[in-house]
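The values are calculated or read from the model by the stated rules, or taken from the named source; none is laboratory data. Source: prediction; values computed, not measured. No Cβ is skipped: glycine too gets one built from the backbone with ideal geometry, and neighbour counts run over all protein chains shown. Accessible surface areas use protein heavy atoms only, side chains included; no ligands, DNA or RNA. Shrake-Rupley method; radii C 1.70, N 1.55, O 1.52, S 1.80 Å.
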Amino acid sequence: MSGDNKPLHILVVEDNPGDLFLLQEFLRSTDLEIAKISAASRLAEARQVLDNQTVDLVFLDLSLPDSFGLDSYIGLQSYAQRVPVILLTGLTDTNIAPQALVMGAQDYLIKGDFDEKLLARAIRYSLERMRNLQYLRESEERYRELFNNNPMPMWVFDAVTYRFLEANSAAIHHYGYTQEEFLTKTLADIRFGGDKGELEHEVESIKGNTEGVRKGIRRHVKKTGEIIFVDIAWHNISYKHRPAVLVLASDVTERIQLEEELNEQRHSRQKQITEAVILAQEKERTEIGKELHDNVNQILGASNLYINTAMTDDEMRQELLERSTELVSSAINEIRKISKSLITPGLREIGLIESIEVVIDDFRAAGNKFAIDLDLQNISEEQIQDRQKLTLFRIVQEQLNNIVKHAQATRVLIRLSGEGGHIVLTVADNGVGFEVSRHRKGVGITNIISRADLFNGKVEIQSMPGEGCTLSVSLEM
């Protein structure tokens, strides 16, 4: 398509030599840059020129030897998609020209009723109008290609009747309808569970939206009756001079179902953790109660008996008071031991490694008959967060208690190492072991797993009957 700054090649289709000469003279008198003026006296000749040469503009007389009236334009209509056509009419056929304009002609001039200025203006107008039409055609083709070839379902519906006006291939395929079936449906036909009032309110809010695209998740129903969740984006548009809405839909059913499953699993997991914590607390209270009742209470009861006897027995008073003093000291030590196991250690003050060494010393002092070795490999306490230190300390404490109660071990190895961005804690014993696949996780192991989960950690247990047990915990640094 030529611009005004490019020399024009003009074809004049005119069988009257006088009218042809006059038009050629007018053309040369304009301020337009014209490279060539070709002439054809018949419609067939004009077609040959258009087939073999690049023409920028056509002047067409409606009365030709081989065609007449509107048929003359119809004969060139296939070329008019790319070349602007200006009609040349006489006074007798001016009523035909408007019909040709409706069909795609750019303008018309009445013979003997125009000069070079009017002629130049008609040419410029026709060229610009054709340029704009061509741009619109290309834009429409690009839109049509984007719309039809989009892998996501898209459709346009009437904002008044809600009837579908267009639907792309992805929408047809996804919802299971044919093109003809889909275009007989309305938005209400694919919406699930929404009443008409709700739908009207929704569409009205879209029509009144001045901020661009609206988004939201809705439930739709396919032709098969399957309910799906779609994340839709919609925008109000004008479609063939009527208000409409353009919709882009993405099926998110699998994502929502997965999220629901994950939420259920998370809820179930949290419930298990809560139950484990409650059981652990109850067990801990029971153990403390037993210790206070069976040990501390008995010691204090004996001490109370000695003191009461000393108050009435002058001869045995000194000995009984000394025994009472020993028992009270013993009770104090027992209470200190119980308290020490409950109170969070001063990890920040003395550090993780020293805290673990204190626990080892306490187990040795309690008369446990197994040797405990501590092995440190490529680890620095500066790499470990304070909360991780507490988790590792409690896991060591918990597993040592498990070994005392169940393992019948003679040797225990505690290893703390840094491996590939992870802190790895290993507690291994040479005790009786157990069948891991058949062993039901107790509260102690459940607590260890729950603590490791707080840091996206992994817990592995390796054991066989008669071959001891190895507990490995890996935490991200």
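Annotation: the chain has a Kirkwood hydrodynamic radius of 32.8 angstrom, from the mean reciprocal C-alpha pair distance. The gain in end-to-end length when the residue 387 to residue 133 segment is fully stretched comes to 84.4 nm, 0.36 nm per residue minus the alpha carbon separation. Assuming charge only on the beta carbon of Lys and Arg (+1) and of Asp and Glu (-1), the dipole of the chain about its Cα centre is about 480 debye to the nearest 20. Listed values for the range 411-422 are Karplus-derived 3J(HN,Hα) couplings in whole Hz (6.51 cos²θ - 1.76 cosθ + 1.60, θ = phi - 60°), namely 8, 10, 10, 10, 10, 10, 9, x, 9, x, x, 10, and x replaces Gly and Pro.
With all protein chains kept in place, the per residue accessible area of the chain amounts to 58 square angstrom at a probe of 1.4 angstrom. In percent, rounded to a whole number, the relative contact order of the range 412-477 is 41, using alpha-carbon pairs under 8 Å and six or more apart. Extent along the principal axes, Cα only, for the range 352-477: 37, 34, 23 Å, with the longest axis given first.
As a length-normalised measure over Cα pairs under 8 Å and 6 or more apart, the relative contact order of the chain settles at 7 percent.
Per-atom-type breakdown for the chain gives carbon and sulfur 50% of the accessible area (1.4 Å probe, protein chains only).
Helix 253-290 and the long axis of the chain differ in direction by around 10°, with both axes built from C-alpha atoms.
Using Cα atoms only, what is the angle between the long axis of helix 317-342 and the major principal axis of the chain, expressed in degrees (0 to 90) to the nearest 10? That works out to roughly 10 degrees.
Suppose we look only past 18 Å in the calculated P(r) of the range 31-106. What percent of the Cα-Cα pairs does that tail hold? So the pairs more than 18 Å apart make up 36 percent of the total in the range 31-106. Loop-resident GluC sites (Glu not before Pro) (DSSP state other than H, G, I, E or B) in the range 362-438 with no more than 13 further Cβ atoms inside 10 Å of their Cβ: 435.
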